[in-house]
Amino acid sequence: MRVDLTLYLVTDPRLCARHGLVETVVAAVRGGVTLVQLRDKQASDDELIDQARRLKAALAGSGVPLIINDRLNVALASQADGLHLGQDDGDVAAARLALGERAILGLSVQNLEQMARLDPDPLDYLGLGPVFATVTKQNHARPLGFDGLATLVAASPLPAVAIGGLQAEHAARVRAAGARGSAVVSAICGQADPEAAARAFFDV
């Protein structure tokens, strides 16, 4: 499936608490977010399914897909639009089989070794990073910087989105490195006005 990676919002429960999860996401979509990933490492499956269903209802008619971080069973139960996997989060081919051909399926890649091992056929896009160190994900890989990002993008057989400490002022350099867009957490979720924060990515 073709997916618009221009501005990819990854939710964070702590940062979204200021306005509420659904309210934060809806405001960010008004500001131009093109894809939403529900990520909450601490929530139970039932809690995440409930969150996903509420987000799906709120996003109805917007054209913005909702994908789930890591948990295939949650993606299936909530009828989300897809799934994003990390390197250790399960088998990509098995996930594609379970989700069906119409679902969006993405994979995180941090280095050239991982890139060389991947099978692109089941996947729609790659998440490349972290570009910078970030406090929203613990134990992340060594930051790539923009040169490292460009190297990974050049090696990627799939459309790629950059992630890791990105702010609106980085959007032009992300595109210059060849990525289709920026995946962000705190640059939108942690802001007083998520709609304006999202819009700022298009003003550079």
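The values are calculated or read from the model by the stated rules, or taken from the named source; none is laboratory data. This structure is a prediction, so every number in the text was calculated from the model and none was measured. Don't worry about glycine lacking a Cβ; one is built from the backbone with ideal geometry, like all the others, and counts go over all protein chains shown. In case anyone asks, the SASA skips ligands and DNA or RNA and just uses the protein heavy atoms, side chains included. Shrake-Rupley method; radii C 1.70, N 1.55, O 1.52, S 1.80 Å.
Remark: pairs (first residue in region 40-54, at positive phi and of a type in the set (Phe, Trp, Tyr); second residue exposed (fewer than 15 other Cβ atoms within 10 Å of the Cβ) and part of a helix (DSSP H, G or I); Cβ separation under 7 Å; 6+ apart in sequence or on different chains) are absent. If you go through region 23-39 and keep only what is part of a loop (DSSP other than H, G, I, E, B) and open to solvent by less than 20 Å² (accessible area, probe 1.4 Å), you end up with 31, 33.
Every condition in (1) farther than 20 Å from residue 185 by Cβ; (2) open to solvent by 50 Å² or more (accessible area, probe 1.4 Å) holds for residue 13 except the one numbered (1).
Counting only helices (runs of 4 or more DSSP H) that fall entirely inside region 90-202 and contain at least 2 residues that are without any contact (Cβ under 8 Å) to a residue 24 or more places away in the chain and in contact with a strand residue (DSSP E or B) (Cβ under 7 Å, 6 or more places away or on another chain), no element qualifies. Scanning region 40-50 for residues that are touching a strand residue (DSSP E or B) at 6+ places or on another chain (Cβ under 9 Å), part of a helix (DSSP H, G or I) and surrounded by fewer than 21 Cβ atoms within 10 Å (Cβ to Cβ) returns no hits. Annotation: of all residues in region 170-204 being over 17 Å from the mean Cα position of the chain (by Cα), within 23 Å of residue 16 (Cα to Cα) and not charged (D, E, K, R), the one that is least open to solvent (accessible area, probe 1.4 Å) is 200.
Selection of region 60-85 for residues being among the small types (Gly, Ala, Ser) and buried (at least 19 other Cβ atoms within 10 Å of the Cβ) yields 75, 78, 80, 82.
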